[in-house]
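Colleague: Structure below; questions to follow.
Only the coordinates and a few stated rules stand behind these numbers; no lab work does. Note that the structure is predicted; figures quoted are calculated from it, not measured. Ideal geometry is used to build each Cβ from the backbone, glycine not excepted, and the neighbour counts take in all protein chains shown.
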Amino acid sequence: WVPTVTGYAWYGLTVYPGYEIFKRFFVGLVGEANDAVYHVPLVLLSGACSTAIACIGVCPAEATRIRQVSDPSCAPTALGVARRIVDEGGFFKGLYEGFNLLLARQISFGMMKFLVFDYFANWVYATFPVMDDNTTLQLTVSLLSGAVAGVVSTIVSQPADTVLTKMKASQSEPAVSVISRVYKEYGPTGFFQGVGSRCVWAGSIIAGQFLLYDVGKNALQVAPEDLTLFLDVLGSVQMSPPI
């Protein structure tokens, strides 16, 4: 459980603030007036960029988790497993093997997560305006929207997760070979093995992450305008000529 918690903690600490920052940046590029016109591409692009950065820390944790599951006798602790992986394959090749496939899985997951959360939350507020009346109801919407987003994102990213898991288990089989083998043995449904349990897990985790993120913003009284001001100041500093 250690690599799982570590990976999700890093993911939550980087992907959500990163999404807000990238979204503000891309909205600035297209202009506030065009935000509604390009809303879907902006959400997808912001989710993809923030997820890509988060994957830099998630990949070693994921490699450790999969090795623990596929080879329980590898080492008694998560740190020991990570050291064993590095000893066997080197730092980058060992801990970042399959990074491209992880990106494919996580980026598809992240893009759908933010898009579904955004649209589902807006649908709830449009259908039940009373849910926007106080903080408790707003946090309830965040929790529910996060759960729905987690389930939908899991279904979309499950094929990539299946291939990545089997690649790590075989330690040498390339992605193309794994995809061919899974399809021959199980057909299209083989890429969705274990999707039910993963939906429950991811739905719970993503719901909690969105809830904690909104709780944190409310506790610190951070409004979208605050982030906008911070980024505007940061941008002006970066553009200022050196003294």
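Colleague: Answer with one residue from T135, G196, F109: the one whose Cα lies farthest towards the positive end of the charge dipole of the chain, charges on Cβ with Lys, Arg +1 and Asp, Glu -1.
Modeller: G196
Colleague: Okay, moving on. Could you sort 117-128, 45-56 so that the peptide with the highest average Cβ count within 10 Å comes first and the rest follow in order?
Modeller: In decreasing order of mean packing, 117-128, 45-56 become 45-56, 117-128.
Colleague: Pairs to check: K93/K166; K113/K217; K113/K184. Give those whose C-alpha atoms are more than 27 Å from each other in this structure.
Modeller: Over 27 Å apart, Cα to Cα: K113/K184.
Colleague: Helix 224-239 sits at what angle to the longest principal axis of the chain, using alpha carbons and giving 0 to 90 degrees rounded to 10?
Modeller: Orientation of helix 224-239: about 80 degrees from the principal axis.
Colleague: Using the Karplus curve 6.51 cos²θ - 1.76 cosθ + 1.60 with θ = phi - 60°, work out ³J(HN,Hα) for each residue of segment 40-49 in order, rounded to whole Hz, and write x for Gly and Pro.
Modeller: 4, x, 5, 5, 5, 5, 5, x, 5, 5
Colleague: In what order do K113, K217 fall by count of nearby beta-carbon atoms within 10 Å, going from fewest to most?
Modeller: K217, K113
Colleague: Between R181 and L212, what is the label-point separation in nm under the 7 Å Cα-to-beta-carbon projection?
Modeller: Here the answer is 3.5 nm between the modelled labels.
Colleague: To continue, here is another question. Set the Förster distance to 30 Å, then compute FRET efficiency between W201 and T77 from the Cβ-Cβ distance, nearest 0.05.
Modeller: Values: r = 22 Å, r/R0 = 0.74.
It comes out at approximately 0.85.
Colleague: Here's another thing I want to ask about it. If you count, for each residue, the other Cβ atoms within 10 Å and average over each peptide, how do 147-157, 28-38 line up from highest to lowest?
Modeller: 147-157, 28-38
Colleague: Then there's this: Nothing charged except the Cβ atoms of Lys and Arg (+1) and of Asp and Glu (-1): what's the magnitude of the dipole of the chain about its Cα centre? Round to the nearest 20 debye.
Modeller: In debye, rounded to 20, the chain gives about 920.
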